[in-house]
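Chemist: Dumping the structure here so I can ask a few things about it.
The values are calculated or read from the model by the stated rules, or taken from the named source; none is laboratory data. Just so you know, these numbers come straight off a predicted model, no measurement behind them. A quick note on method: Cβ atoms are made from the backbone with ideal geometry, for glycine too, and the neighbour counts reach across all protein chains shown. Accessible surface is based on the protein model in full, side chains and every heavy atom, while ligands, DNA and RNA are left aside. Shrake-Rupley method; radii C 1.70, N 1.55, O 1.52, S 1.80 Å.
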Amino acid sequence: MSMNILVVDDEQSIADLIEVYLKNEGFTIYKFYNGKDALRCVESEQLELGILDVMLPDIDGFTLCHKKILRNS
């Protein structure tokens, strides 16, 4: 069974590099470059781990994490 991991970073090169390494290890990656798109994923997908940039220009990583926690409560 593959683990679903959310990767969110507005620096595309960083997000892309993380994605490459994690995919090579067999993980399923949901990658986004902004918080708005990532939030839609958080609301619709079952995720086991999130690697979040805390200084996104639209929605910060802390808010995304909080939304995921509330959704699972």
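Chemist: Give the carbon-plus-sulfur fraction of the accessible surface of the chain in %, rounded to a whole number; probe 1.4 Å, heavy atoms of protein chains only. Show your work: numbers first, answer last.
Modeler: On the way: 2690 of 4760 Å².
Percent of accessible area from carbon and sulfur atoms in the chain: 56.
Chemist: What does the accessible area per residue of the chain come to in Å², with a 1.4 Å probe and no ligands, DNA or RNA counted? Intermediate results must be reported in sequence, preceding the final value.
Modeler: On the way: 4760 Å² over 73 residues.
Spelled out: the 1.4 Å probe surface of the chain, per residue, equals 65 Å².
Chemist: Let me ask something else. Using only the Cα atoms of segment 1-51, build the gyration tensor, take square roots of its eigenvalues as a ≥ b ≥ c, and label the shape rounded, prolate or oblate: rounded if a/c is under 1.5, else prolate if a/b is larger than b/c, else oblate. Display every interim value, and only then the final one.
Modeler: Values: a/c = 2.85, a/b = 1.06, b/c = 2.69.
Note, shape of segment 1-51 comes out oblate.
Chemist: How large is ³J(HN,Hα) for each residue in segment 2-16, as worked out from phi by the Karplus curve 6.51 cos²θ - 1.76 cosθ + 1.60 (θ = phi - 60°), to whole Hz, x for Gly and Pro?
Modeler: Calculated HN-Hα couplings, in order: 8, 8, 8, 10, 8, 10, 10, 7, 6, 8, 4, 5, 5, 4, 5 Hz.
Chemist: Using only DSSP helix segments of four residues or longer, with each worth -39500 (n - 2.57), what per-residue ellipticity at 222 nm results for the chain after dividing by its residue count and rounding to 500?
Modeler: Details: 3 runs with 35 residues, N = 73.
Here the helix-only value at 222 nm equals -15000 deg cm²/dmol.
Chemist: Still on this structure, I have one more. So how do 17-25, 58-66, 32-40 stack up, highest first, on mean other-Cβ count within 10 Å?
Modeler: Ranked from most to least packed, the peptides come out as 32-40, 58-66, 17-25.
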